[in-house]
Structures are given as C-alpha cells and as structure tokens.
Amino acid sequence: MSSYFENQPTPSEIKERMKGYSSWLEINLDNIGNNLRDLQRHTDTTIMAVVKNNAYGHGLVPVTVYLESQGVEWCMVAKLYEALKLREAGLNLNILSMDVLFTPEQYLSVVEKKITQTIYTREDADKLQEAAEKAGKHAKVFIKVDTGLNRVGVRHSDAVSFIEYVHKLSMVDVEGIFSTFQQNPEMDKEMLDKLLTVDAGLKKKGINIPIRSMASTDATFHNPDGWLELVRPGMSLYGVYPEKKDLSAPVDLLQALSLKARIEYVKTVERGEGVTYWGKFVAPKRMRIGTIHAGFYDGVPREMANKGRILVNGVYKSSLGSVSLNHYLVDLDGVDAEKGTVVELIGETGENTLSKTAEIAGWMTYSLLNHLHANTPRVYYRGGEPVALLDPAH
Ligand SMILES: Cc1ncc(COP(=O)(O)O)c(C=O)c1O
C-alpha cells in the first residue's frame, strides 16, 4: 500500500495554501468510494477502475492510491507513462495498459514494472517474449479481441489461433481477453457472442483464460450478460451518467469533482457597454460584474459564453461574454462578492454539474473531463477535510 496520503500536508496547511489559489478542482474521494461500492453491489463482478487520462481529470495518483486502499485490484491506463507513474508512487495493484509500444526499452519496462500489456499482434507477443527473457521475468498480457468496433484488436475470427500462439510462448502469461462494445444494443449482443465463441474455441483446445472483459460504463449499467469476470467502469466511477438514458440505471452515483475559482476584480459597467472580446455581451443596464481568474485554460468550454451557471454565495448567476483563456465573467446583480470570493464553476450538484455543463456547451461529458488542465491544482477531500493536494507550484 502506498504511503501517499501519509506524506501529504496537514488539512490546515492545505487550507492555508488554498487561500492563494485563483482556480482549483476539488475531488471528493468519499463519492468515488460510494460509486465504487455501488458498482460492485450492482455487478458483483471484479472492477477494473479506468484511471486513464489522468483519472478522467481527477488526478491519476491520488485517485488510484485511494481506489487501491478501497480494495480495487485492477486499474486501466491509456499511456505507458501513466502506468510507470503509478509504480513510481509505490502502487502494487494490477495495471492494464492499453498503450502501443514502439521501442525495446518500452517492452522491457512493462515487463520490469509488472504492467499488464495489451497485445493483439504476433510481433508484439514476440517482442514481449524477448523482453521477458532478457529481464528474467514473465510478461503479463491481456489480448484485445476485435469483435466489431474495428478499432484495434485481433479480429475475432483469427483470435483463437493467435491466442494459442501467445499461450505457447514460455515467458508470456495471458491473464485476460477483452473487447470493447460499440454501445449499440443489437450490435453489442453479436459482439458478446463473438467473444464467447473465441473463449469456447480456446477451451476446446484446453486453454482457459482466467479473465474475460467487455463492459465499460454503458454495459455495466445496461447489459448484465456483458459483465463476465471483470467490468471496466470509467465515467460511472467518477459519478457521471454519460447520457440522459443512463439516469435510469439502478445505481446511485455521486459526482466527485467540482471546479472552483476566485473573483479577481469587481467593477460596474454602464448600459450599452460591450464586455469581453468582440463585445460578446452588451450590458442592457448598469451592472456589477465580477471577473473570475479561470477560463478555458482550466477547461471551461468556450461554448459557455453568456451561458455558464456560476454559483456565487449560494445563487446561480449567468456568465457574461466570451470565455477567455484565463478570465471568465459573472453577473453579480443581487449578490455580495468581492476580490477573493470563491465561486463554483462546476458543482457536484445543482445547475452546473458536469452533465449540465456539458449539455450547455454541447460537449460530451467525456470531453469536458478530459479538458481539465493537469496543472490546475487539485484538492482531495475525505470526511469533508482536505487530505491531499496536487499543486504544480510544489
Ligand atoms: C478499453 C476501455 N475500457 C473501458 C473504458 C471506460 O469507459 P467508460 O468511461 O464509458 O466507463 C474505456 C474508456 O474509453 C476504454 O477505452
């Protein structure tokens, strides 16, 4: 178990540092824990936590350390550097990397660091065997089977002979086979059948693969047949229902992330004055306006121009004008605010959740999370207290 949380500043030190932040993200780890337990209860299947893309913006290391402390035994990353970062942080859980490898050093490092590598070609299998021989350690792999997404993977019709080939390699251990659904119910049924046919073909040859996996959030919600030995939730783990139809899923998820910022400057503009680039907003009357030190650098979509919902002292106010790289303006009519006032740009609940913000912007929730800047400080909470900090200045 990593000592990550023990080596963090104290809650009062974190609160002190936060006083100087102009924009930051707050991550409620208890909510991620709630979602994990709810997904476990719902599927009664092993969970592979998808922590790729900086844990969907939530911060790779603290989130994965927390998940491991909650009993998660598997996680998935998209990039080899993410897997290496987790090992550097002292994490021992199983890591499935879906990255592609190009250099001999990369093959060697996945073996050395006990990272489970996604493969689907003989070339990759042979290179891993070579690296494993060199390192004197077995390589671990999941084989990606293409059941109809036509993105990557060994074609389902070629999968049995390919997996048989890998299975025979003395230093490469096949831990699992997996595939990704199209998320189209008719097609998904066929895709599952194809993976099960591959598995049956392998069993006939006496090859038993311990783990079969197909489900990401969509199938975790709606397709119990697709759960198999391991489900791979990403969005749902972070408490986001990717689409409106998902709200009917029998789980009770809690969004874990909020984006906060401070007002930098309060001013009054006169009726008829243009505000922000291109005069994107024209004041219909004399108005008090607050300029917030946050913008599309942090991940606020530019499509929120004049449409954002910003919580100021308990009241949702509209954003005004265009979203700049580092500035975002809010109507302060009827609310108290001054330099330093904390406002909420994305909230766990209310009018500015991730889903509602994405809907206003015309973005997917996935895009919204993946545009949160890695340098925006992140503060992690448990039991209402800040317990960890990711701060580029330290
Ligand atoms: C292979 C794979 N499995 C699982 C997931 C998780 O998807 P979701 O966030 O929809 O749960 C992803 C994310 O794109 C993925 O690429």
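Some values worked out for this structure:
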{"read-out": "Odd one out for residue 260 among (1) closer than 30 Å to residue 62 by Cα; (2) basic (Lys, Arg); (3) part of a loop (DSSP other than H, G, I, E, B)", "value": "(3)"}
{"read-out": "Cβ pairs under 6 Å, 6+ apart, first in the range 44-66 and at positive phi and at pLDDT below 95, second of a type in the set (Gly, Ala, Ser) and surrounded by 23 or more Cβ atoms within 10 Å (Cβ to Cβ)", "value": "none"}
{"read-out": "Helices (runs of 4 or more DSSP H) (entirely within the range 121-229) containing at least 1 residues that are hydrophobic (A, V, I, L, M, F, W, C) and within 16 Å of the ligand (Cβ to nearest atom)", "value": "185-204, 217-222"}
{"read-out": "Residue under evaluation residue 69, criteria (1) within 14 Å of the ligand (Cβ to nearest atom); (2) over 25 Å from residue 174 (Cβ atoms), criterion not met", "value": "(1)"}
{"read-out": "Those residues of the range 230-248 which are closer than 15 Å to residue 364 by Cβ and away from the ligand (no atom under 13 Å from the Cβ), in sequence order", "value": "244, 245"}
{"read-out": "The range 8-30, residues that are more than 18 Å from residue 339 (Cα to Cα) and either modelled with pLDDT under 95 or buried (at least 19 other Cβ atoms within 10 Å of the Cβ) (or both)", "value": "14, 25, 26, 27, 28, 29"}
{"read-out": "Conditions (1) surrounded by 14 or more Cβ atoms within 10 Å (Cβ to Cβ); (2) within 16 Å of the ligand (Cβ to nearest atom); (3) without any contact (Cβ under 8 Å) to a residue 12 or more places away in the chain: number failed by residue 273", "value": "(2)"}
{"read-out": "Residue pairs meeting the criteria (Cβ under 8 Å; at least 6 apart or on separate chains; first in the same structural domain as residue 176 (by TED's automatic domain parsing) and basic (Lys, Arg), in the range 70-93; second assigned to a loop (DSSP other than H, G, I, E, B) and more than 16 Å from the ligand (Cβ to nearest atom))", "value": "87/113; 87/114"}
{"read-out": "Residues located in the range 363-393, provided they are over 21 Å from residue 326 (Cβ atoms) and either touching a residue at least 60 places away in the same chain (Cβ under 8 Å) or surrounded by 15 or more Cβ atoms within 10 Å (Cβ to Cβ) (or both)", "value": "364, 365, 366, 380, 381, 382, 383, 385, 386, 387, 388, 389"}
{"read-out": "Strands (runs of 3 or more DSSP E) wholly inside the range 325-394 containing at least 1 residues that are closer than 30 Å to residue 286 by Cβ", "value": "328-331, 342-346"}
{"read-out": "Unmet criterion (only one of (1) within 16 Å of the ligand (Cβ to nearest atom); (2) in contact with a helix residue (DSSP H, G or I) (Cβ under 6 Å, 6 or more places away or on another chain)) for residue 101", "value": "(1)"}
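The values are calculated or read from the model by the stated rules, or taken from the named source; none is laboratory data. In this text the structure is predicted, and so the values were computed from the model without any measurement. Don't worry about glycine lacking a Cβ; one is built from the backbone with ideal geometry, like all the others, and counts go over all protein chains shown.
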